[in-house]
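*Asks:* First the structure, which I've put down as structure tokens, then a few questions once you've had a look.
The values are calculated or read from the model by the stated rules, or taken from the named source; none is laboratory data. Note that the structure is predicted; figures quoted are calculated from it, not measured. We place every Cβ from the backbone using ideal geometry, glycine too, and count neighbours over all the protein chains shown.
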Amino acid sequence: MENRFPIFDVSPVVHYGDELIPAKAISDEAINVRATVIREGHDGLVVEAVLVSPKGVETNRLAMREYWPGTDRYEADLRPTSVGVWHFYIEALSPDRTLSSRTALFPIYAEPDRALIGSWYEFFPRSEGAVLKSDGSIVSGTFKTAEKSLKRVADMKFDVLYLPPIHPIGYSFRKGRNNTLTPTPTDPGVPWAIGNAMPRLLLI
């Protein structure tokens, strides 16, 4: 009896084009879940929000309240208790629970607390410890030389250090110094470069 209990305008729901991606939260954060739910006729209606753990186990089921009388708009606060991809769904039932309808599962990604509050520092290992040779060429830094700068970043009170993409950089369509489109053979390119001709990966 799906048509007895239409459920729509569910939130939080995030779309990336045609793809459904997780809404963001942190562990133990109260997530306000809302939906518009109606029932044909004048009989009563029960609306519940259900939280499903990353292991697929139903961990919480809360009655939703109509937070603005007469709007058929319901809400409840769900709380994921650990880091991971959780899901929730909305279920509408008759008061005797013999008829029901439910939505699809909607994902929520609960992250560590640091994802909500913190100072982030982007770190280019090849720039840390790089050496300009007498002939004008540059020897890029390595993870080993970059390690010497970790204390400097920590002393600036940053909480998180993150790196650019780490993968071979294409030769075609690469960029040169100062973002130019005319690189020389010695320019290292950028990690976000687009190119289908790949160099041989050197392990340092």
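Residues are listed down the side, and each one gets a yes or a no for (1) within 22 Å of residue 113 (Cβ to Cβ); (2) not β-branched (Val, Ile, Thr):
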{"site": "9", "(1), (2)": "no, yes"}
{"site": "22", "(1), (2)": "yes, yes"}
{"site": "31", "(1), (2)": "yes, no"}
{"site": "35", "(1), (2)": "no, yes"}
{"site": "54", "(1), (2)": "yes, yes"}
{"site": "58", "(1), (2)": "no, yes"}
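*Asks:* Just one of (1) exposed (fewer than 15 other Cβ atoms within 10 Å of the Cβ); (2) in a strand (DSSP E or B) trips up residue 49, so point out which.
*Replies:* Residue 49 satisfies every listed condition except (1).
*Asks:* Could you check the range 95-130 and list, in sequence order, the residues that are surrounded by 13 or more Cβ atoms within 10 Å (Cβ to Cβ) and among the aliphatic types (A, V, I, L, M)?
*Replies:* Step one: filter the range 95-130 for residues surrounded by 13 or more Cβ atoms within 10 Å (Cβ to Cβ), giving 99-103, 105-111, 115, 121, 123-130.
Across the range 95-130, the qualifying residues are 99, 105, 108, 110, 115, 130.
*Asks:* Given the condition touching a residue at least 24 places away in the same chain (Cβ under 8 Å), farther than 30 Å from residue 159 by Cα, in a helix (DSSP H, G or I) and more than 23 Å from the chain's Cα centre (by Cα), answer yes or no: does some residue in the range 4-11 qualify?
*Replies:* Yes, the range 4-11 contains at least one residue that is touching a residue at least 24 places away in the same chain (Cβ under 8 Å), farther than 30 Å from residue 159 by Cα, in a helix (DSSP H, G or I) and more than 23 Å from the chain's Cα centre (by Cα).
*Asks:* Would you be able to say whether some residue in the range 71-89 is hydroxyl-bearing (Ser, Thr, Tyr), outside any strand (DSSP E or B), assigned by TED's automatic domain parsing to the domain that holds residue 30 and modelled with pLDDT of 95 or more? Please lay out each step first, then the result.
*Replies:* First, pick out the residues of the range 71-89 that are hydroxyl-bearing (Ser, Thr, Tyr): 71, 74, 81-82, 89.
From what's left, outside any strand (DSSP E or B): 71, 81-82.
Now restrict to residues that are assigned by TED's automatic domain parsing to the domain that holds residue 30: 71, 81-82.
From what's left, modelled with pLDDT of 95 or more: 81-82.
Yes, that holds for at least one residue.
*Asks:* Return the only residue of 138, 108 being touching a strand residue (DSSP E or B) at 6+ places or on another chain (Cβ under 7 Å), under 30 Å from residue 187 (Cα atoms) and among the aliphatic types (A, V, I, L, M). Spell out how you get there, then give the answer.
*Replies:* Working: 108 fails: under 30 Å from residue 187 (Cα atoms).
None of the others qualify; the one that does is 138.
*Asks:* Got at least one residue in the range 146-162 being more than 30 Å from residue 6 (Cα to Cα), exposed (fewer than 10 other Cβ atoms within 10 Å of the Cβ) and among the aromatic types (Phe, Trp, Tyr)?
*Replies:* There is at least one residue in the range 146-162 that is more than 30 Å from residue 6 (Cα to Cα), exposed (fewer than 10 other Cβ atoms within 10 Å of the Cβ) and among the aromatic types (Phe, Trp, Tyr).
*Asks:* Which residues, taken from the range 14-70, are without any contact (Cβ under 8 Å) to a residue 40 or more places away in the chain, of a type in the set (D, E, K, R) and within 22 Å of residue 101 (Cα to Cα)? Before you say what the answer is, go through the steps one by one.
*Replies:* First, the residues of the range 14-70 that are without any contact (Cβ under 8 Å) to a residue 40 or more places away in the chain: 14-19, 36, 38, 40-42, 51, 53-70.
Of the ones still in play, those that are also of a type in the set (D, E, K, R) are 18-19, 40, 55, 58, 61, 65-66.
Hits for the range 14-70 are 40, 58, 61, 65, 66.
*Asks:* Might you let me know whether the range 31-39 holds any residue that is modelled with pLDDT under 95 and in contact with a helix residue (DSSP H, G or I) (Cβ under 9 Å, 6 or more places away or on another chain)?
*Replies:* First, pick out the residues of the range 31-39 that are modelled with pLDDT under 95: 38-39.
Retained after the next criterion (residues that are in contact with a helix residue (DSSP H, G or I) (Cβ under 9 Å, 6 or more places away or on another chain)): 39.
The answer is yes; a qualifying residue exists.
*Asks:* So, one more: If you check every pair at least six apart or on different chains, which have Cβ atoms under 6 Å apart with a residue in the range 91-119 that is of a type in the set (Val, Ile, Thr) first and a residue that is surrounded by 15 or more Cβ atoms within 10 Å (Cβ to Cβ) and assigned to a loop (DSSP other than H, G, I, E, B) second?
*Replies:* Within 6 Å, the pairs are 108/22.
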